[in-house]
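The values are calculated or read from the model by the stated rules, or taken from the named source; none is laboratory data. Small disclaimer: the values here were computed from a predicted structure and weren't measured. Cβ placement follows ideal geometry from the backbone for every residue including glycine, while neighbour counts extend to all protein chains displayed. What goes into the accessible areas is simple: the full protein's heavy atoms, side chains included, and nothing from ligands, DNA or RNA. Shrake-Rupley method; radii C 1.70, N 1.55, O 1.52, S 1.80 Å.
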Amino acid sequence: MLKVGLTGGIGAGKSEVSRLLVECGAVLIDADRIAREVVAPGTPGLASVVEAFGEEILAADGSLDRPRLGAIVFADADRLATLNSIVHPLVGARSRELEEAAAEDAVVIHDVPLLTENGLAPLYDLVIVVDTASETQLDRLVRLRGMTEEDARARMAAQATREQRREIADIVIDNDVPLEDLERRVKDVWAELVRRSQAPGPSPAE
């Protein structure tokens, strides 16, 4: 099994890269999706979040009001740290369960938005960073996700810088390119992942 950490800043297009890798044959473990599962209605995770932040972060149907919670934590580093201390251990435990269920010869892609920020690179055989210019990130968040520019900038500022992400990268995928160029790059990366997975042991970064 080859364990790969995939990360990138918000709006960098990491989800598109993970989708393409799955098409190639990767097993995807999506930390964002798991993060939603562990705070679903009725879960201990949601109860812990409500205890920490109050019932005002609940929607009318009892589910987590993610935009409201996001507006709170992304403007306050201490409150963001509180949220992370609740959610991250739950996500980690579920991710390990899914990894253990994968085939022995699988290439397992862990899609982890805060991989850099949380110092998780040593957990993986190698790390892929999806990289794009800050201006591109901002445009995608405002134009495609409907965020205000202020909210988008706050979310970007709460994450690691491009330089910090690139420092931990074994492979960088540039996503300031047309989709067809991105697809070609991902296929090349997939070939490299398969090569490494079949080697006696993962080779160090070149």
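The set of residues from the range 96-113 being surrounded by 19 or more Cβ atoms within 10 Å (Cβ to Cβ), outside any strand (DSSP E or B) and hydrophobic (A, V, I, L, M, F, W, C) comprises just one member, Val112. Is it the case that the range 19-42 has a residue that's open to solvent by 60 Å² or more (accessible area, probe 1.4 Å), of a type outside the set (Val, Ile, Thr), within 19 Å of Ala157 (Cβ to Cβ) and part of a loop (DSSP other than H, G, I, E, B)? The answer is no, given that none of the residues of the range 19-42 is open to solvent by 60 Å² or more (accessible area, probe 1.4 Å), of a type outside the set (Val, Ile, Thr), within 19 Å of Ala157 (Cβ to Cβ) and part of a loop (DSSP other than H, G, I, E, B). Taking the range 151-196 as the search range and keeping residues that are modelled with pLDDT under 90 and not hydrophobic (A, V, I, L, M, F, W, C), which one is farthest from the chain's Cα centre (by Cα)? Looking at the filtered set, the residue picked out is Asp151.
Would you say Ile72 is open to solvent by less than 20 Å² (accessible area, probe 1.4 Å) and either at pLDDT 95 or above or in a helix (DSSP H, G or I) (or both)? Even if it seems obvious, please write down each step before you answer.
Working: open to solvent by less than 20 Å² (accessible area, probe 1.4 Å): no; either at pLDDT 95 or above or in a helix (DSSP H, G or I) (or both): yes.
In short, no.
In summary, Arg68 fulfils each of the numbered conditions (1) farther than 25 Å from Arg96 by Cβ; (2) touching a residue at least 60 places away in the same chain (Cβ under 8 Å); (3) of a type in the set (Lys, Arg) with the single exception of condition (2). Of the residues making up the range 160-190, those that are of a type in the set (A, V, I, L, M, F, W, C), part of a helix (DSSP H, G or I) and open to solvent by less than 60 Å² (accessible area, probe 1.4 Å) number 4.
For Ser134, the stated conditions do not hold, so it cannot be described as at pLDDT below 95, of a type in the set (Ser, Thr, Tyr) and under 25 Å from Val38 (Cα atoms).
Report whether or not Leu144 is under 30 Å from Arg195 (Cα atoms), of a type in the set (A, V, I, L, M, F, W, C) and surrounded by fewer than 18 Cβ atoms within 10 Å (Cβ to Cβ). No.
If the condition is being of a type in the set (Ser, Thr, Tyr) and crowded, with 16+ Cβ neighbours inside 10 Å, then the range 43-59 contributes only Ser48.
Here is a check on your reading of the model: is Val142 within 30 Å of Cys24 (Cβ to Cβ) and free of Cβ contacts under 8 Å to residues at least 60 places away in the same chain? Steps first, answer last, please.
Details: within 30 Å of Cys24 (Cβ to Cβ): no; free of Cβ contacts under 8 Å to residues at least 60 places away in the same chain: yes.
In short, no.
So, in the range 117-130, how many residues would count as being open to solvent by 10 Å² or more (accessible area, probe 1.4 Å) and modelled with pLDDT of 95 or more? Give the derivation first.
Of the residues in the range 117-130, the ones open to solvent by 10 Å² or more (accessible area, probe 1.4 Å) are 117-125.
Next, from what is left, pick out any that are modelled with pLDDT of 95 or more: 121-122, 124-125.
Adding up the residues that qualify gives 4.
Among the residues of the range 19-36, is any touching a Pro at 6+ places or on another chain (Cβ under 9 Å), of a type in the set (Asp, Glu) and within 30 Å of Glu183 (Cβ to Cβ)? Yes, the range 19-36 has at least one match.
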